[in-house]
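A short worksheet on the structure shown next.
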Amino acid sequence: MQYRIGIIWLAMVIALGLPSVVAGQGSGLPLGNPAYHILDRLEIKTGLPTPYHSSLKYYLRSDVAAYALGIDTALIPLTIRDRRDLYYIFRDNNEWLVTSRFPTRIAGPRESIYSDTLLTQVEASMENPRYTLREKPYLGFLYPTPANMVEVNDKFFHIRVNPLLDFKLAGEKDDNELIFTNLRGIELRSGIDDRIYLYFNIVEEQARFPGYVNERIERDKAIPGAGLYKTYTSEIFDITNGYDFLNGQGYLAFNLTRHVGLQFGYGRNFIGNGYRSMLLSDFSNNYLYLKANWRVWKLHYQNLFMELAAESNAAPAANDVLPRKYMAAHHLSFQALPNLNFGVFEAVVFDRRNGGFELQYLNPVILYRTVEQGLGSPDNVLIGLDAKWNFLHHFQLYGQLMLDEFKFDELFIERRGWWANKYGMQLGLKYINAFGRDHLDLQAEFNQARPYTYTHRDSSSSYTHYNQPLAHPLGANFREVLFIARYQPFKKVFLEGRFIRATFGEDGANQNWGGNLLKSHNSREQDFGNEIGQGITANTSLLGLDVSYMLAHNVFIDLHYFYRKKDSEENKLDDTTRYFGGGVRINIARQRMDF
């Protein structure tokens with residue numbers, strides 16, 4: 001029964017995918033790619049509607065390129081820096097430079113898709129004047145275009161291969177050893193017949209983290225965003241307490257119809273428009289998932305079926321199979337106006353021990369609460385809302401609300417701090433070209449989650465994966481404000497600063513005050529009088545400053561300064577982290593431990 005989900009959906013792919021001949025949708029834009037911020041600011045500035053719904057990430061490269069092309073050809077005043085941003089997108093997604101002048105013609109019902117008269121996606125893109133070739137590729141074949149180390153373009157096939165690198169060193173005050181990251185990997189994306197797409201990356205990383213991260217790893221037996229790990233030492237860099245781990249992502253995507261796509265993969269997803277997400281974030285380890293996207297009219301409906309780990313690899317014996325749990329989620333996004341979007345989210349986390357996936361949750365349209373109650377209410381169901389509003393060509397207001405459990409009388413009338421009033425919320429504001437300064441962008445965001453939010457009877461049904469939260473890194477029982485400033489003063493120089501202030505409650509020995517999602521809510525300390533920050537109250541102040549210089553396309557030289565101070569009710573838990581460092585980064589986003 002455990003593998004029926006794969007068999008069922010594979011049968012759907014075979015049944016629906018083979019006879020359909022549709023325009024390709026392409027692979028996804030990796031989370032953290034600079035294009036996300038570029039697209040965000042261009043949408044706010046221009047007011048032009050996007051072909052994607054921005055709360056559902058990652059975006060398809062086809063949509064990203066189409067939106068950039070639409071802006072480039074529209075009669076909208078853009079600055080030189082805006083045009084540079086557009087050409088960054090064109091170079092990074094050059095297999096999708098399909099314009100109305102060079103349309104991809106769909107084969108008719110009696111025409112072979114291999115017809116010589118068919119103009120394919122890649123052929124049309126290469127004829128676009130925005131497709132940039134380098135005059136002299138290295139060794140005759142490396143980097144034929146600015147963005148891709150290896151690039152193959154055939155009539156019905158394309159492939160892009162690129163290296164991944166993140167190497168940085170930093171020195172922390174009062175620490176004799178270096179903070180260190182050495183990540184190497186490779187990334188590949190490809191398309192076949194304009195309707196089947198694949199992507200994968202694999203990275204190997206050795207790292208030594210600051211003390212507060214090591215404490216988190218020790219508590220959860222997991223590195224944030226990673227899976228199985230080993231200890232690491234290095235005589236070269238004089239490191240004795242580092243970590244060594246391997247990670248990777250990959251998926252195969254199909255177009256079932258022009259408006260319905262299916263993706264089977266191993267990786268992460270993100271729902272929201274903020275720096276954080278209270279619905280689904282990319283903080284946890286990668287997971288196996290099946291995703292369906294239904295896009296028609298003003299609607300984008302997404303289904304996610306996920307296989308998660310109820311524990312981490314550090315807990316059982318090395319050769320044991322990790323206990324599994326499952327999650328089904330759907331999100332309906334409605335573009336009410338070109339500048340106004342609403343979304344509804346629902347998820348259920350469950351465990352059937354030896355029974356495998358609960359087939360009733362495969363229904364892509366039914367409310368999970370209905371199914372859960374029909375099964376005897378054994379599972380953890382969460383409901384969420386999100387919204388986004390762009391206004392005055394400078395601002396974006398966004399927010400989220402996650403409801404785990406609540407009772408109306410207790411929440412709004414009696415208000416006694418009942419433990420099961422479990423909810424989280426987010427409110428944020430973005431301000432682009434602030435104070436009339438081109439490419440000075442500001443963001444403010446508020447997040448909070450009441451005690452015991454996202455928890456359930458144990459880790460087999462909590463909103464976690466591999467001992468890591470699926471939403472906010474702080475779990476629950478916290479309140480947080482953050483501010484981010486981004487500025488591009490020169491063509492290749494990027495400045496970014498962020499300040500994060502959080503208040504949260506920690507557990508004492510043998511206590512559960514609702515912040516640690518791995519603990520059962522049945523072990524709570526009290527039924528009433530619960531409030532955010534209860535337990536051992538602590539405050540953290542985090543400051544990060546980053547300077548980057550883009551040496552070549554997606555090749556960055558980085559300098560960074562990081563400061564984090566924790567002030568706890570228990571003085572022995574106080575901690576200060578301060579370091580300065582730098583490094584080089586290729587085709588990968590900054591890795592941050594902002595908690």
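The values are calculated or read from the model by the stated rules, or taken from the named source; none is laboratory data. Worth saying up front: this structure is predicted, and the values here are computed from it rather than measured. Backbone-built Cβ (ideal geometry, glycine too); neighbour counts: all protein chains shown.
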Practice problem: Pick out the one residue from Arg208, Arg195, Arg160 that is at pLDDT below 90, surrounded by 19 or more Cβ atoms within 10 Å (Cβ to Cβ) and among the basic types (Lys, Arg). | Solution: Arg195
Quiz item: Could you list, in sequence order, the residues of region 39-55 that are small (Gly, Ala, Ser) and either free of Cβ contacts under 8 Å to residues at least 12 places away in the same chain or buried (at least 19 other Cβ atoms within 10 Å of the Cβ) (or both)?
Solution: Ser54, Ser55
Quiz item: Phe167 is checked against (1) under 30 Å from Thr233 (Cα atoms); (2) at pLDDT below 90; (3) of a type in the set (Phe, Trp, Tyr) and fails just one. What number does that condition carry?
Solution: (2)
Quiz item: Yes or no: Phe494 in contact with an Asp or Glu (Cβ under 9 Å, 6 or more places away or on another chain) and either farther than 20 Å from Asp220 by Cβ or not small (Gly, Ala, Ser) (or both)?
Solution: yes
Practice problem: Spot the failing condition for Ser62; the list is (1) modelled with pLDDT of 50 or more; (2) part of a loop (DSSP other than H, G, I, E, B); (3) over 18 Å from His393 (Cα atoms), and only one is missed. | Solution: (2)
Quiz prompt | Exclusive hit being surrounded by 16 or more Cβ atoms within 10 Å (Cβ to Cβ) and within 18 Å of Trp389 (Cα to Cα), set His330, His300 | solution = His300
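I'd like the full set of residues that are of a type in the set (A, V, I, L, M, F, W, C) and surrounded by fewer than 20 Cβ atoms within 10 Å (Cβ to Cβ), limited to region 534-560.
Keep residues of region 534-560 that are of a type in the set (A, V, I, L, M, F, W, C), which gives 536, 538, 542-543, 545, 547, 550-552, 555-557, 559.
Ile536, Leu543, Leu545, Val547, Met550, Leu551, Ala552, Val555, Ile557, Leu559, listed by residue number.
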Exercise. Working only within region 204-244, note down all residues that are β-branched (Val, Ile, Thr) and in contact with a Lys or Arg (Cβ under 7 Å, 6 or more places away or on another chain).
Key: Ile239
Practice problem: Scan Glu480, Glu531 and give me the residue that is at pLDDT 95 or above, crowded, with 21+ Cβ neighbours inside 10 Å and either touching a Lys or Arg at 6+ places or on another chain (Cβ under 9 Å) or among the aliphatic types (A, V, I, L, M) (or both). | Solution: Glu480
Quiz item: Which condition does Ser462 not pass, out of (1) surrounded by fewer than 24 Cβ atoms within 10 Å (Cβ to Cβ); (2) in contact with a strand residue (DSSP E or B) (Cβ under 8 Å, 6 or more places away or on another chain); (3) at pLDDT below 95, if it passes all the others?
Solution: (1)
Quiz item: Does at least one position in region 562-576 carry a residue that is in contact (Cβ under 8 Å) with a residue 60 or more places away in the chain, more than 29 Å from Asp220 (Cα to Cα) and part of a strand (DSSP E or B)?
Solution: no
Exercise. Scan (1) assigned to a strand (DSSP E or B); (2) under 25 Å from Ser548 (Cα atoms) for the single condition Leu198 breaks and write down its number.
Key: (2)
Quiz item: Tell me, which residue of region 509-540 that is of a type in the set (Gly, Ala, Ser) and touching a strand residue (DSSP E or B) at 6+ places or on another chain (Cβ under 6 Å) is farthest from Val481 (Cα to Cα)?
Solution: Gly535
Quiz item: Since Asn303 meets every condition but one in (1) over 18 Å from the mean Cα position of the chain (by Cα); (2) at pLDDT 90 or above, which condition does it not meet?
Solution: (1)
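Checking the structure you have, find out if any residue of region 423-437 is over 21 Å from Arg450 (Cβ atoms), among the β-branched types (Val, Ile, Thr) and not in a strand (DSSP E or B). Steps first, answer last, please.
First pass over region 423-437, keeping only residues over 21 Å from Arg450 (Cβ atoms): 429-437.
Filter once more, keeping what is among the β-branched types (Val, Ile, Thr): 432.
Filter once more, so that each one left must be not in a strand (DSSP E or B): 432.
Yes, region 423-437 contains at least one residue that is over 21 Å from Arg450 (Cβ atoms), among the β-branched types (Val, Ile, Thr) and not in a strand (DSSP E or B).
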Quiz prompt | Given (1) surrounded by fewer than 24 Cβ atoms within 10 Å (Cβ to Cβ); (2) more than 19 Å from Gln526 (Cβ to Cβ); (3) in contact with a Gly (Cβ under 6 Å, 6 or more places away or on another chain), number of the condition Pro469 does not satisfy | solution = (1)
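Residue-wise test of (1) of a type in the set (S, T, N, Q); (2) modelled with pLDDT under 95.
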residue	(1), (2)
Ile7	no, yes
Leu16	no, yes
Ala23	no, yes
Ser27	yes, yes
Ala35	no, no
Glu43	no, no
Thr73	yes, yes
Pro77	no, yes
